[in-house]
2 protein chains.
Amino acid sequence: MKQLPETASVNAQVLASLRAAVITGELAPGSLHSVQNLATQLGVSRTPVREALIKLAQQGMVRFERNRGVRILLTSLHDLEEVFALRLLLEPPAVRRAVTRLDGNQKRELRRMFAHMEKAAKADDEFTMFEHDRRFHRVLLEAAGNARLAAFVDGLRDMVLRRGVSTARESRSLDDIVAEHRAILDLIEAGDAEGAAKAMREHVRHTAELLIAQEAGADLGPGLAAVDIDLDWTLAARDQD
Amino acid sequence: MKQLPETASVNAQVLASLRAAVITGELAPGSLHSVQNLATQLGVSRTPVREALIKLAQQGMVRFERNRGVRILLTSLHDLEEVFALRLLLEPPAVRRAVTRLDGNQKRELRRMFAHMEKAAKADDEFTMFEHDRRFHRVLLEAAGNARLAAFVDGLRDMVLRRGVSTARESRSLDDIVAEHRAILDLIEAGDAEGAAKAMREHVRHTAELLIAQEAGADLGPGLAAVDIDLDWTLAARDQD
DNA sequence: GGGGCGAGAGTGGCATGCGACACGTCACCG
DNA sequence: CGGTGACGTGTCGCATGCCACTCTCGCCCC
C-alpha cells in the first residue's frame, strides 16, 4: 500500500489511499482485513483508518463485520446494472442542462481533459486515460449546477473502476472511447444540447453493454455470455405534459 | 434461541437520535455544537457520536469545522432545487419499472402504507402522515430493484423533511397529499406503468413547487415570492433511439 | 481611555486503552 | 476414532488520553 507523503489531513490521505487500494484490487474483493493492520501499513493509528472505512462503507465499497474485520465488497453483475441504470437516467439530462450553462473556464477545462485523454490514448496509458475520462464527466456534471448529482455519479464510478480499468482494453480500444467523447464535446461546442445529451446517452449505454457482457462472460465462463439486462428505464413512452 | 430485545448498536441509536434531532430542528440549522456536549447529552462517549456525525456529514446534513465544532447545515433554496430535480429524474422511471415488478407482499405493503396515510390525515396527525409517505415511496423505489437508487432518494428526503414537516400544512392540506398518492396507487393496481409514472411525476413536481415557493417566501418576506426555478430537466425533447 | 496581546478555555483530530465477542485449535471424553 | 467443548488469539466497538489550534476576554502598556 502506498504511503502518501503530503501534508493534507491524515483522514483525507488515508481515504484516498484506501479507495485507490480497493479500486486497483490491491485489496482484493471479498477479502477481509483488520483496521489495525491497515493502520500499521499506512503508518497511522486506527482512528483515521476506521473513519475513512466508515465513509467507504457508506458508499458501498466495504462492509464492517463485527469482531471479524472489514470485508472488501465485490462488484456483482447486479451492481453494474444498478450503476449504469442510474447513470443513464442522470447523465444525459445533466449534459443537456450543462450545455446552456457552461462558462468559459469549464469549456476550457473540458477541452483540456479531452486533450489529455487523446494523448493518453496515443501513449496507450490506460490509467491516465480513465483518470481524465472521470474528470471530463465530472466537469459536465458540475456544470449542470447540481452538486449532489455530481457527487453521487462520481461515487458510482468507483464501483465500476475496479472492474473497468483492468478489463476495458479487451473489448474496446482506447481510441473508441476517445471518439465517443469527441462526439460529445463537439456537440457541446456547437451548442446542441439535445445532440450532446443523446451522444452521452449512447456513450454510457455502450460502456454499460460492454462491461456487463464482459463481466457476465467472466462469471459464467468465456464465450457463452447471453445476458440481456434491461438497463434503460427511460425507453418507455415519455411522461410529459 | 432468540434474543428478543435485539439492542441495536450504540452507533445506530446515536445516528437515529442525531438525525431526528436535526430534522425536528431540535438542533437548529446554522448552530454549532461540540461532540463532547452531544455525547454527554446522549449518555455515550464521543466516539460513536463522532462516527454518526461523519455519516451525517457525508449526507450533507452537518459539517465539521476544525477546532470549532459541528455546524448544522441549513437547507437552502438551492438545496431544495437540487433535491427535487433529482427526484423528478429518478422517481417516475422507478415507478414505471416498479409497476411490472411489484410482488404480492410489496403491493400489500403499499396498500397498507396508503391506508395509514389516510387514517393519519383524518386524525390530522402530520408526523405519522409523513412517516408513511416516506415508506410508501421507499417501497416503490425498492420494488424497482435498484438499492442504490432507493437509498439515495431516501437520503434526499431528509434534506426536505425539516422544512416540509412543519410547513407543508400552510399550503396544502393533508387530504390533497393523500389524493395524489391515491392516484398513484390506483394506476399501479391497474397495471398502468405509464400513468403511474406520470402521476408520480406530477406529485413530486407539485410538492416541489409548493415547498420552493413557500421557502422563497420565507426567505424574501411574505407575499412577494416570484421565483421560477427550472426544476425539470426532462422537459426537453426526448433523447431516444 | 484606548488598543493590542496573551493566557486560558474549549474544540476537533489523532492515538491509545479496554472489554466483549467470533472463530480456529486442540485436548479430552464418549 | 469421532465429536465436543474450553481456551487463546484476533477483531471490532466504545471509552479515554493527548495535542495543536482557535476564539474569547480581560489585563497591561502606552
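Please report the spacing between the Cα centers of the range B:175-202 and the range A:29-96 in Å, no decimals.
Answer, in whole Å: 36.
How far apart, in nanometres, would the label points at B:D186 and A:E194 be if each is projected 7 angstrom from Cα along the Cα-to-Cβ direction?
3.5
What nm distances, shortest first, do you get from the label point of A:A12 to those in the other copies when the point sits 7 angstrom along Cα to Cβ?
Nearest first, the other copies' label points are 3.4 nm away.
Along Cα-to-Cβ, 7 Å out, sits the label point; list in nm, shortest first, how far the one on B:A57 is from those in the other copies.
The answer, with the shortest distance listed first, is 1.6 nm.
So what's Rg/Rh here for the range A:10-72, counting alpha carbon atoms and using the Kirkwood radius for Rh?
In the range A:10-72, Rg relative to Rh is 0.91.
Tell me the label-point distance for the pair B:K107, A:A115, using the 7 Å Cα-to-Cβ offset, in nm and rounded to one decimal.
Rounded to a tenth, the inter-label distance reads 6.0 nm.
I'm checking a number: the convex hull volume of the Cα atoms of the range A:77-220, normalised per residue, in Å³. What is it?
About 88 Å³ per residue, rounded to a whole number.
Given a Förster distance of 22 angstrom, what is the FRET efficiency for A:S76 paired with A:D176, based on the Cβ-Cβ distance and rounded to 0.05?
After rounding to 0.05, the efficiency reads 0.25.
Efficiency by 1/(1 + (r/R0)^6): what FRET value for B:S9 and A:R134, r their Cβ-Cβ distance, R0 = 35 Å, to the nearest 0.05?
0.50
Residue by residue through the range A:49-66, which ³J(HN,Hα) values in whole Hz follow from phi under the Karplus form 6.51 cos²θ - 1.76 cosθ + 1.60 (θ = phi - 60°), with glycine and proline marked x?
Once θ is set to phi - 60°, the couplings for the range A:49-66 become 5, 4, 5, 5, 5, 4, 5, 5, 5, 4, 7, x, 8, 9, 9, 7, 10, 3 Hz.
May I ask you to evaluate 6.51 cos²θ - 1.76 cosθ + 1.60, the Karplus curve with θ = phi - 60°, for each residue of the range B:93-108 and list the ³J(HN,Hα) values in order in whole Hz, giving x for glycine and proline?
Per residue, the Karplus-derived 3J(HN,Hα) values read x, 4, 5, 3, 6, 4, 4, 8, 10, 4, 9, x, 4, 5, 4, 4 Hz.
Please list 3J(HN,Hα) in residue order for the range B:199-208, calculated via the Karplus relation 6.51 cos²θ - 1.76 cosθ + 1.60 where θ = phi - 60°; whole Hz, with x for glycine and proline.
Along the range B:199-208, the couplings run 5, 4, 4, 5, 4, 5, 4, 4, 4, 4 Hz.
For a quick check: with amide H placed at 1.01 Å from N, whose amide H comes under 5 Å from B:V62's, ignoring anything fewer than 5 positions away on the same chain?
Under 5 Å from the amide H of B:V62: B:A57, B:L73.
Quickly work out the A:E202-to-B:Q58 label distance, labels modelled 7 Å from Cα along the C-beta direction, and quote it in nm with one decimal.
It is 3.7 nm.
I need the inter-copy label distances for B:R182: point set 7 Å along Cα to C-beta, values in nm with one decimal, smallest first.
Once sorted, the set of distances for B:R182 reads 5.9 nm.
Laboratory data are not the source of any read-out in this text; all were calculated from the coordinates shown. Bear in mind that the values here come from a model prediction, so they are computed numbers and not experimental data. All Cβ positions, glycine included, derive from the backbone under ideal geometry; neighbour counts span all protein chains shown.
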